[in-house]
Amino acid sequence: MIGENNISVICCWNNSQQYQTFVDSLKKQTVRVKVIGIDNRKQQFTSCSCALNFALDKVDTKYVIFAHQDILLQQENVIEKYISYLEMINENSVLGVAGSTFDSPYMKTNILVKDKNQLEYGGSYRVKEIEKCDTLDECFFGGYTKYFKENLFDEKVCNAWHLYAVELCLRAKCNGGTVYVCDIPMIHYSKGKTDASYNRGFYNLCKAYCKKIDFIRTPCCYACRTNFISRLLYYFRKELGRCLRSRSKEYD
């Protein structure tokens, strides 16, 4: 293991086995990593925004990463490479491993996700080194600690477990920052899922940014104009689809 301990990884977890597997892969990295785990098995935190803001107070390194518990770093130089990309961006910018742009329906990523018993790429577009995007997936992202401490996650707009990275990306862009996605490899043992709280969260996000951004796309392929009529119709359409799928499963 080489290098100074200048990066922390924050992970809010409720599955001890998944979390330990992730931590074990962090321990094998070529650079020292400070791990800050948030044990939420008793549901002390009602939103990820609240949990991550709580943990940020414990970070004393130059850089910080926020990660899901079901991540596996197969290669030992992943964090070292990620730091090299962080050194290329400004302090008011954000860097992730899966992102989307407003002008394309494809998610940009080089990570593999688990689909049944198979591993497949999480998106249709492969990233080359580091590229600009508009919003990031929450599975693995970060930047300069100073920036995140001065720009905490929004606990009102993102009051559940979704879209907190998307909101922070939008805020960064509105304040002159840049959002990037990079090509580092990893496995995410989940394809992710949307539910009623995601639909409500996306509606709230559109409402919060309707005067600043006309159109929002997320890595989950949620895309909508932010004006009142568009976001309301979109919300009802998504909720109707969710309810119909749920009812269909009851009769399977």
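The values are calculated or read from the model by the stated rules, or taken from the named source; none is laboratory data. Since the model is a prediction, treat every value here as computed from it, not as a measurement. All Cβ positions, glycine included, derive from the backbone under ideal geometry; neighbour counts span all protein chains shown. Side chains included, ligands, DNA and RNA excluded: accessible areas come from the protein's heavy atoms. Shrake-Rupley method; radii C 1.70, N 1.55, O 1.52, S 1.80 Å.
Quick notes on this structure:
- Of the residues making up region 90-104, those that are open to solvent by less than 10 Å² (accessible area, probe 1.4 Å) and either in a helix (DSSP H, G or I) or within 17 Å of L170 (Cβ to Cβ) (or both) are S93, V94, L95, G96, A98, G99, S100.
- The residue that is farthest from the chain's Cα centre (by Cα), among those in region 213-242 that are more than 30 Å from R126 (Cβ to Cβ) and hydroxyl-bearing (S, T, Y), is S230.
- Inclusion of E138 among residues that are touching a residue at least 12 places away in the same chain (Cβ under 8 Å), in contact with a Phe, Trp or Tyr (Cβ under 9 Å, 6 or more places away or on another chain), of a type in the set (D, E) and open to solvent by less than 70 Å² (accessible area, probe 1.4 Å) is warranted.
- Residue selected from region 211-240 under the condition open to solvent by less than 50 Å² (accessible area, probe 1.4 Å), touching a helix residue (DSSP H, G or I) at 6+ places or on another chain (Cβ under 7 Å) and in a loop (DSSP other than H, G, I, E, B), by the criterion modelled with the lowest pLDDT: Y222
- Qualifying residue in region 5-26 (condition: part of a helix (DSSP H, G or I), among the hydrophobic types (A, V, I, L, M, F, W, C), within 19 Å of the chain's Cα centre (by Cα) and within 29 Å of K132 (Cβ to Cβ)): yes
- Region 29-51: number of residues that are assigned to a loop (DSSP other than H, G, I, E, B) and surrounded by 14 or more Cβ atoms within 10 Å (Cβ to Cβ): 7
Per-residue answers, yes or no, for (1) among the aromatic types (F, W, Y); (2) in contact (Cβ under 8 Å) with a residue 40 or more places away in the chain:
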{"residue": "N159", "(1), (2)": "no, yes"}
{"residue": "R171", "(1), (2)": "no, no"}
{"residue": "C182", "(1), (2)": "no, yes"}
{"residue": "P185", "(1), (2)": "no, yes"}
{"residue": "Y189", "(1), (2)": "yes, yes"}
{"residue": "S230", "(1), (2)": "no, no"}
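- Unmet criterion (only one of (1) under 22 Å from D70 (Cα atoms); (2) open to solvent by less than 20 Å² (accessible area, probe 1.4 Å)) for T194: (2)
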